[in-house]
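Enquirer: This is the structure I want to talk about, given as structure tokens.
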There are 2 protein chains.
Amino acid sequence: MTSSSETTPVTAAILVIGDEILSGRTKDKNIGYIAEYLTNIGIDLREVRVVPDIQDEIVQALNALRARFSYVFTTGGIGPTHDDITADSVAAAFGVSIDHDPRAIAMLSERFPPDQLNEARLRMARIPAGADLIANSVSKAPGFNIGNVYVMAGVPSIMQAMLDVVAPTLRTGIRMLSDTVRAGLREGDIGTALAAVAKAHPEVSIGSYPFFSEAGPDTNIVVRSRDPEKLAAATAAVLAMIDSERARLAV
Amino acid sequence: MTSSSETTPVTAAILVIGDEILSGRTKDKNIGYIAEYLTNIGIDLREVRVVPDIQDEIVQALNALRARFSYVFTTGGIGPTHDDITADSVAAAFGVSIDHDPRAIAMLSERFPPDQLNEARLRMARIPAGADLIANSVSKAPGFNIGNVYVMAGVPSIMQAMLDVVAPTLRTGIRMLSDTVRAGLREGDIGTALAAVAKAHPEVSIGSYPFFSEAGPDTNIVVRSRDPEKLAAATAAVLAMIDSERARLAV
């Protein structure tokens, strides 16, 4: 991680590209993985979009997201077949040319002998002008970075390997800290008192997540802040509120 | 399902609302479920967005999506706590008022005795003016439908129950049919020949999805069409192409 004294949050969006996610045929495994990864390195994921394999849709979504957030991470659509149109779409979004990149051909050549480096596989060496490559330790075909956009594979194992390559190069903010408090009470029992705690601690974020345990309905209260003292104060207030509510409800 | 002779596709978007998805703390299970469900009833999912618990973000995304697609399905943010702001945000997006709805209070009263129907739980009865309620067989607190927007819970079991209630009321199109052909070849081996098949069958959609089996890298070719004859013709062309490529590669 680049060390950083950023006080403004570093933000990100994910753009998932692929008809197979929208049809439900493939269940996305990348959004949750990237979300947790970015949180752990101090980058705030602010939006996710999933779009089909249609160039206009990809261009429009990418341009909307890259204008608003520090980083955009895309997954999917960089394979060797006709429906892999991410690289061409990213080039169109940035208004740059795209062609076979000698660096990418060299990477593919580590895996494929010349007679296998056919027209289809060479599609994977099409890289927008000005982009830097992202190494792929799993299957060689690279991702790439252009501007604030990082283009990665859709196959989870490959995407994860690429994200490990990219992460050390990213500007990161102060990591978001969080405390989770299990209330032992139903969400509706504590909602009013919790809203008062949230109002009294406006600089922390307090979320309430109901769940079912063997003992019945229960609630996790998640307190989040970049400031450890504010976090501790708000968490203490949540704990006191829960004690008070448990006494009131005679639990 | 409403029977239908629609020839234009019925389209949909999903709007997932929740900081917990963006932080990675909760892994979304609803997108894939709804995607597959809609495909099975002849509705094309065209876009998904995930946004945080911030009213302006919710309003902006909802207005963008409801203008473009036949239906929008939202998940999350309709519980009893201060961070549940979906109903208020939807009312703002539609420019209508929102208040405690007697029908929703009646539903909540089936589960909660009067002394438990506190301020927090009554938040779950706040419904935008003009909306129809969506019954919740799991925990009573309803979702709602306003215009072409269907507001559902984030807890998967509750969302699924609500979707079962909503589905029979939806306009549906001709169901998308699909054939999956396992190539027994690597994606890069067949990419060029597959592109030619796709070009010769422009009215079907052909996707290529690589995967790893015990025997090594392999590829599923998915052919999709609403027309069974066009589907059969394109699938036959894919099978012939694979036979030809296997012979060429002496597999």
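Bear in mind that the values in this text are calculations on the coordinates, not laboratory data. Everything quoted here is computed from the prediction, not taken from an experiment. Note that we place each Cβ from the backbone using ideal geometry, even for glycine, and neighbour counts take in every protein chain shown.
Enquirer: Please work out the FRET efficiency for the pair B:Gln116 and A:Ala106, using the Cβ-Cβ distance as r and a Förster radius of 51 Å; give the result to the nearest 0.05.
Expert: 0.15
Enquirer: Continuing with this model, one more query. Find out how many positive minus negative residues lie around B:Ala131, taking Lys and Arg as positive, Asp and Glu as negative, among other residues whose Cβ is under 15 Å from that of B:Ala131.
Expert: Net of charged neighbours comes to -1.
Enquirer: Relative contact order for chain A using alpha-carbon pairs under 8 Å, separation at least 6, rounded to a whole percent?
Expert: Relative contact order of chain A: 19 percent.
Enquirer: Any chance you could run the full-extension gain for B:Ser244 through B:Ile54? It's 0.36 nm times the residue separation minus the Cα-Cα distance, nm to one decimal.
Expert: Computed gain between B:Ser244 and B:Ile54 is 62.9 nm.
Enquirer: Using the Cα centre as the reference, give the magnitude of the dipole from point charges on the C-beta atoms of the stretch B:164-251 (Lys, Arg: +1; Asp, Glu: -1; all else neutral), rounded to the nearest 20 debye.
Expert: The calculated dipole for the stretch B:164-251 is roughly 220 debye.
Enquirer: To continue, here is another question. For every other residue with a beta carbon closer than 14 angstrom to the beta carbon of B:Pro52, add +1 if it is Lys or Arg and -1 if Asp or Glu, then tell me the sum.
Expert: Computed value for this residue: -4.
Enquirer: Now for a different question. Given the alpha-carbon gyration tensor of the stretch A:177-248, what are the semi-axes of its equivalent ellipsoid in whole angstrom, ordered largest first, with each equal to the square root of 5 times an eigenvalue?
Expert: Equivalent ellipsoid of the stretch A:177-248: 20, 13, 10 Å, largest first.
Enquirer: Relative to the longest principal axis of chain A, what angle (0 to 90°, nearest 10) does the C-alpha long axis of helix A:156-166 take?
Expert: That helix lies at roughly 90 degrees to the long axis.
Enquirer: For A:Ser97, A:Ser208, what's the fewest-to-most ordering of other Cβ within 10 Å of each Cβ?
Expert: Lowest count first: A:Ser97, A:Ser208.
Enquirer: Rounded to the nearest 10 degrees, what's the angle between the helix A:55-68 long axis and the longest principal axis of chain A, both from Cα atoms, 0 to 90?
Expert: So the inclination is approximately 50 degrees.
Enquirer: Now for a different question. Can you give me the Kirkwood hydrodynamic radius for the protein assembly as shown, using every pair of distinct Cα atoms, in Å to one decimal?
Expert: One over the average 1/r among Cα pairs gives 24.5 Å for the protein assembly as shown.
Enquirer: May I pose another question? Tilt of helix A:187-200 relative to the longest C-alpha principal axis of chain A, in degrees (0 to 90, nearest 10)?
Expert: 80
Enquirer: A further question on this structure: Rounded to a whole number, what is D in µm²/s for the stretch A:143-212 from Stokes-Einstein with the Kirkwood radius over alpha-carbon pairs (37 °C, 0.692 mPa s)?
Expert: 203
Enquirer: Test of understanding: given chain A, find the longest segment containing no GluC sites (Glu not before Pro) that are in a DSSP loop and have at most 11 other Cβ atoms within 10 Å.
Expert: So the longest stretch without any such site is A:1-109.
Enquirer: Also, quick follow-up: With a cut-off of 8 Å between alpha carbons and a minimum separation of six or more residues, what is the relative contact order of the stretch A:10-61 in percent?
Expert: The value is 54 percent.
Enquirer: Follow-up. If you stretched the chain out fully between B:Ser97 and B:Lys199, how much longer would it get, using 0.36 nm times the residue separation minus the C-alpha to C-alpha distance?
Expert: Contour length minus the Cα-Cα distance gives 31.6 nm.
Enquirer: Sticking with this structure for a sec: How far is the Cα center of the stretch A:128-171 from the Cα center of the stretch B:166-202, in Å?
Expert: Each part's Cα centre sits 27 Å from the other's.
Enquirer: I would also like to ask the following. What shape does the stretch B:48-200 have by the C-alpha gyration tensor, where a ≥ b ≥ c are the square roots of the eigenvalues, rounded means a/c under 1.5, and otherwise prolate means a/b greater than b/c and oblate the rest?
Expert: Because a/c hits 1.5 or more and a/b exceeds b/c, the stretch B:48-200 counts as prolate.
Enquirer: Straight distance only, please: which lysines reach the Cα of B:Lys29 with their own Cα at less than 19 Å, same-chain residues fewer than 8 apart left out?
Expert: Here the lysines satisfying the reach criterion relative to B:Lys29 are A:Lys27, A:Lys29.
Enquirer: For B:41-48, what's the mean count of beta carbons from other chains sitting within 10 Å of each residue's beta carbon?
Expert: 4
Enquirer: Treating only the Cα positions of the stretch B:1-101 as identical point scatterers, give the base-10 log of I(q)/I(0) from the Debye formula at each q in 0.22 Å⁻¹.
Expert: Results for the stretch B:1-101 at q = 0.22 Å⁻¹ read -1.17.
Enquirer: Just tell me how shielded A:14-26 is by partners: mean number of partner chain Cβ atoms within 10 Å of each residue's Cβ, no decimals.
Expert: Mean number of neighbouring Cβ atoms from other chains: 6.
Enquirer: Still on this structure, I have one more. Considering every residue in A:180-187, what mean count of other chain Cβ atoms within 10 Å of its Cβ is obtained?
Expert: Neighbouring Cβ atoms belonging to other protein chains average 2 per residue here.
Enquirer: In chain B, which residue puts its Cβ closest to the axis that turns chain B onto chain A, and how many whole Å away is it?
Expert: Rotation axis B onto A, closest Cβ, rounded to whole Å: B:Arg49, 3.
Enquirer: What gaps in nm, shortest first, separate A:Val181 from its twins in the other copies when you place the label 7 Å past Cα toward the beta carbon?
Expert: So the distances to the same position in the other copies read 6.1 nm.
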